[in-house]
Amino acid sequence: MFELTERLKKLPPYLFKEIDQKKRDLQAKGVDIIDLGIGDPDLPTPPKIVKEMIRAVQDPENHQYPSYSGSDDFKGAVADWYQERFSVTLDAESEVISLIGAKEGIAHIHLAFINPGDLALIPTPAYPVYNIGTLFADGMPYFVPLLKENGFLPDLNSIPEEAATKAKMIWLNYPNNPTAAVADRDFFEAVVAFAHKYDIMVCNDLTYSEIAFDGYRPMSLLQIEGAKDIGIEFHSLSKSFNMTGWRIGFAVGNKEAIEGLGSVKSNLDSGVFQAIQSAGLVGLRKNREIIREIQEIYAKRRDIMVTGLRDAGFIVDTPKATFYLWVPVPPPYTSASLATKLLTDAGVVVTPGNGFGSPGEGYLRLTLTQEEKRLLEATERIKGVGL
Ligand SMILES: *Cc1c(COP(=O)(O)O)cnc(C)c1O
């Protein structure tokens with residue numbers, strides 16, 4: 001009866017339907033499924049943050065509409081955290097905005113800066129929202145493949161002059177979901193030069209900045225000189241503090257970019273529940289212990305999984321960051337055929353890499369969001385299947 005808009009009809013097909021169905025069928029038969037498919041931390045939100053939420057939710061001052069751009073306290077905590085963590089100075093009033101999760105800001109910024117037909121440079125494989133946000137604004141994605149030979153970084157030199165000239169924005173995400181790749185200072189410097197040359201807004205998704213191992217500390221785009229002229233950075237408390245259900249994140253950087261995003265938000269939503277901002281800023285202000293603990297847990301899980309998969313015959317790199325493993329699929333399998341086999345024969349759910357974009361074909365994404373003993377069990381089962 002109701003006709004969906006072209007906007008929705010343009011959305012890429014959902015590739016995991018078959019696997020989702022098979023998973024449900026097996027579960028209905030009583031099969032014990034180990035799900036390494038979802039990027040959602042299994043660990044609870046730290047008690048300090050929960051405790052502040054309990055206090056804040058009882059304070060009537062928090063029961064009214066929040067400021068759409070975030071409370072002064074929250075924005076101040078973000079600016080202080082940037083100073084401490086990245087040595088980047090931000091003006092809390094004009095260079096910080098709270099978000100209802102990073103996803104919300106990532107989706108909405110396109111409505112502020114993409115006109116119908118405008119080009120956005122989108123990495124592939126990638127978190128789907130960069131592309132979807134572009135499509136919802138009637139923009140045109142120009143896909144830049146992330147290839148192993150380039151360390152899963154976009155090759156800026158491969159972008160044709162015509163596309164670069166037409167592009168309004170470029171999306172980046174390091175540490176990267178799904179490839180677990182990281183980017184160094186040289187790369188970010190090249191990006192800033194590229195953006196200045198072609199007058200392009202750089203949208204950097206830094207959601208995984210705190211999920212890093214062995215002393216590695218991911219950097220902010222804004223640490224590069226001149227980055228604030230062209231860059232906006234998206235952050236989330238979801239992954240750093242196990243808060244995916246709470247819906248809180250923020251964006252920082254270029255004033256006009258923040259202001260444009262704020263205009264969209266002030267007309268579409270009314271900001272983040274103040275009690276959640278209060279709780280979130282406890283994470284930002286008292287995070288050393290919390291983050292160290294989370295990093296140690298994922299590092300141990302990573303080592304268990306990498307060792308187990310190597311024993312099973314896979315060639316796996318040890319990631320420096322994120323809670324993902326990006327695992328090459330050995331012949332004769334495809335991403336889909338191996339994912340199906342692992343589900344059917346081992347009861348282990350993994351995500352076929354091509355679900356994140358066609359250059360992801362030939363890979364599987366495995367998440368580390370299960371307890372050690374379940375991960376060990378998963379590797380034992382995978383070994384049992386044989387390649
Ligand atoms: C999880 C994730 C997000 C979304 O974070 P929220 O703050 O929960 O909306 C954004 N980008 C990437 C790459 C992610 O993996």
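The values are calculated or read from the model by the stated rules, or taken from the named source; none is laboratory data. It should be emphasised that the depicted structure is a prediction, and the values quoted were computed from it without experimental measurement. Every residue, glycine as well, gets a Cβ built from its backbone with ideal geometry; the counts of neighbours run over all protein chains shown.
Counting only residues that are at pLDDT below 95 and touching a Gly at 6+ places or on another chain (Cβ under 9 Å), how many does region 250-270 have?
Counting residues in region 250-270 that are at pLDDT below 95 and touching a Gly at 6+ places or on another chain (Cβ under 9 Å) gives 0.
Would you be able to say whether some residue in region 250-267 is over 22 Å from residue 113 (Cβ atoms) and either within 14 Å of the ligand (Cβ to nearest atom) or touching a helix residue (DSSP H, G or I) at 6+ places or on another chain (Cβ under 9 Å) (or both)?
Within region 250-267, the first condition is being over 22 Å from residue 113 (Cβ atoms), and the residues that meet it are none.
For region 250-267, residues over 22 Å from residue 113 (Cβ atoms) and either within 14 Å of the ligand (Cβ to nearest atom) or touching a helix residue (DSSP H, G or I) at 6+ places or on another chain (Cβ under 9 Å) (or both): absent.
Condition first: of a type outside the set (D, E, K, R), crowded, with 24+ Cβ neighbours inside 10 Å and either under 30 Å from residue 50 (Cβ atoms) or within 11 Å of the ligand (Cβ to nearest atom) (or both). Now tell me which residues in region 230-239 satisfy that.
Answer for region 230-239, where residues must be of a type outside the set (D, E, K, R), crowded, with 24+ Cβ neighbours inside 10 Å and either under 30 Å from residue 50 (Cβ atoms) or within 11 Å of the ligand (Cβ to nearest atom) (or both): 234, 235, 236, 237.
Kindly evaluate residue 331 against the criterion of being over 23 Å from the mean Cα position of the chain (by Cα), more than 30 Å from residue 115 (Cβ to Cβ) and not in a helix (DSSP H, G or I). Break it down stepwise before answering.
Values: over 23 Å from the mean Cα position of the chain (by Cα): yes; more than 30 Å from residue 115 (Cβ to Cβ): yes; not in a helix (DSSP H, G or I): yes.
For residue 331, the condition - over 23 Å from the mean Cα position of the chain (by Cα), more than 30 Å from residue 115 (Cβ to Cβ) and not in a helix (DSSP H, G or I) - is met.
Hey, does region 241-263 have a residue that's among the basic types (Lys, Arg) and buried (at least 23 other Cβ atoms within 10 Å of the Cβ)?
Checked against the condition, which is being among the basic types (Lys, Arg) and buried (at least 23 other Cβ atoms within 10 Å of the Cβ), region 241-263 yields no hits at all.
Taking only region 58-81 into account, find how many residues are among the hydroxyl-bearing types (Ser, Thr, Tyr) and closer than 14 Å to residue 249 by Cβ.
Count: 1.
Enumerate the pairs (first residue in region 286-315 and at pLDDT below 95; second residue anywhere and surrounded by fewer than 18 Cβ atoms within 10 Å (Cβ to Cβ) and assigned to a helix (DSSP H, G or I)) with beta-carbon separation below 8 Å, excluding pairs fewer than 6 apart on the same chain, so at least 6 apart or on different chains.
Pairs that qualify, where the first residue is at pLDDT below 95 and the partner is surrounded by fewer than 18 Cβ atoms within 10 Å (Cβ to Cβ) and assigned to a helix (DSSP H, G or I), are 286/48; 290/48.
If a residue has to be part of a helix (DSSP H, G or I), surrounded by 21 or more Cβ atoms within 10 Å (Cβ to Cβ) and either without any contact (Cβ under 8 Å) to a residue 24 or more places away in the chain or among the β-branched types (Val, Ile, Thr) (or both) to count, how many in region 264-281 make the cut?
Total satisfying the criteria: 1.
Is it the case, given these coordinates, that residue 42 is outside any strand (DSSP E or B), surrounded by fewer than 20 Cβ atoms within 10 Å (Cβ to Cβ) and within 16 Å of the ligand (Cβ to nearest atom)?
The answer is yes for residue 42.
With the structure loaded, tell me whether residue 238 is within 20 Å of residue 187 (Cβ to Cβ), polar (S, T, N, Q) and either touching a helix residue (DSSP H, G or I) at 6+ places or on another chain (Cβ under 9 Å) or in the same structural domain as residue 38 (by TED's automatic domain parsing) (or both) or whether it fails that test.
no
For region 172-202, which residues satisfy the criterion of being assigned to a loop (DSSP other than H, G, I, E, B), within 15 Å of the ligand (Cβ to nearest atom) and not β-branched (Val, Ile, Thr)?
Correct list: 173, 174, 175, 176, 177, 178, 180, 181, 183.
Considering every residue within region 8-15, establish whether at least one is loosely packed, with under 15 Cβ neighbours inside 10 Å, modelled with pLDDT of 95 or more and of a type outside the set (Asp, Glu).
Looking through region 8-15, none of the residues is loosely packed, with under 15 Cβ neighbours inside 10 Å, modelled with pLDDT of 95 or more and of a type outside the set (Asp, Glu).
Among the residues of region 268-278 satisfying the criterion of being within 16 Å of the ligand (Cβ to nearest atom) and not hydrophobic (A, V, I, L, M, F, W, C), which is farthest from residue 170 (Cα to Cα)?
So the residue we want is 277.
Please go through region 52-69 and pick out each residue that is within 19 Å of residue 242 (Cβ to Cβ) and out of contact with any helix residue (DSSP H, G or I) (no Cβ under 8 Å at 6 or more places or on another chain).
Within region 52-69, 54 is the sole residue that qualifies.
Among strands (runs of 3 or more DSSP E) lying entirely in region 59-171, which contain 3 or more residues that are touching a residue at least 12 places away in the same chain (Cβ under 8 Å), away from the ligand (no atom under 16 Å from the Cβ) and surrounded by fewer than 23 Cβ atoms within 10 Å (Cβ to Cβ)? Before the answer, list the steps.
Details: elements: 96-99, 119-124, 140-145.
By residue number, 140-145.
Only one residue in 121, 36 is at pLDDT 95 or above, in the same structural domain as residue 223 (by TED's automatic domain parsing) and on the phi < 0 side of the Ramachandran plot, so which one is that?
Working: 36 fails: in the same structural domain as residue 223 (by TED's automatic domain parsing).
Result: 121 is the single residue among 121, 36 that is at pLDDT 95 or above, in the same structural domain as residue 223 (by TED's automatic domain parsing) and on the phi < 0 side of the Ramachandran plot.
Considering only region 218-229, I want to know if a residue exists there that is part of a loop (DSSP other than H, G, I, E, B), within 16 Å of the ligand (Cβ to nearest atom) and within 28 Å of residue 358 (Cβ to Cβ).
Yes, some residue in region 218-229 is part of a loop (DSSP other than H, G, I, E, B), within 16 Å of the ligand (Cβ to nearest atom) and within 28 Å of residue 358 (Cβ to Cβ).
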